[in-house]
Structures are given as structure tokens and as C-alpha cells.
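First comes the structure, then the notes that go with it.
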Amino acid sequence: MGKTHGKGDDEPEVGDEVTWSSHGSTAEGKVEKKITDRREEAGRTVAASPEEPQYAVRSDKSGGKAVHKGSALRRRGRRKSS
């Protein structure tokens, strides 16, 4: 779905497979939602905005949900389509 991006070229998108640091190790999962307003998400208040979005991710290992800034997430290598 080739989206053209502006200044946020490195921002993750919904559906991206990502990694992030979690309690001293690396967690892996998928971006479920881009958050651009202040709201309750994953058990806490998220102070996001359109200028500073945050991302709801779900861990592949635990199934737990977390919210992180885009700068804390790293895209994993893309999987090959079968």
C-alpha cells in the first residue's frame, strides 16, 4: 500500500513487526495502533499528540500490550510472503 511519508519516514506503521527494550532484554511484537491523543491505553495514561505519537504494541511472547514512543521501536526484517 505504498504510503508516501513526510518527516516521519522512520515511524513505525500499524502491522509492522518491531522490537523494543523491556526490562533488560529485547521484546518482539507487532504495532497494533498509532496513538495521537491523550488517552488510557495498556493500563496507563498516554500523553501522545499528532506531533509526538506513541504506538500500542503486543508482545509475541507474552501477549501483553505496551505503549512506546516511535524512537523506542525498531522494525524487524520483513517476512517473506508465502
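The values are calculated or read from the model by the stated rules, or taken from the named source; none is laboratory data. As the structure is a computational prediction, the values presented were derived from the model and not from experiment. For neighbour counting, all protein chains shown are included, and Cβ atoms are generated from backbone atoms with ideal geometry for every residue, glycine included.
Being at pLDDT below 95 and at positive phi narrows it down to one residue among Gly6, Gly24, Gly77, Gly15; which is it?
Result of the check over Gly6, Gly24, Gly77, Gly15: Gly24.
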*Cβ pairs under 7 Å, 6+ apart, first in the stretch 33-62 and charged (D, E, K, R), second surrounded by 13 or more Cβ atoms within 10 Å (Cβ to Cβ) and in a loop (DSSP other than H, G, I, E, B)*: Lys34/Pro53; Asp37/Ala48; Arg38/Ala48
*asked:* Considering only residues that are surrounded by 12 or more Cβ atoms within 10 Å (Cβ to Cβ) and assigned to a strand (DSSP E or B), which ones fall in the stretch 40-63?
replied: Glu41, Val46, Gln54, Tyr55, Ala56, Val57, Arg58, Ser59
*Where a residue in the stretch 1-24 is surrounded by fewer than 16 Cβ atoms within 10 Å (Cβ to Cβ) and part of a strand (DSSP E or B) and its partner, wherever it lies, is modelled with pLDDT of 90 or more and of a type outside the set (S, T, N, Q), with Cβ under 8 Å and at least six apart*: Ser21/Ala27; Ser21/Ala72
*The lone exception for Val31 - which of (1) within 13 Å of the chain's Cα centre (by Cα); (2) loosely packed, with under 11 Cβ neighbours inside 10 Å; (3) among the β-branched types (Val, Ile, Thr) it fails*: (2)
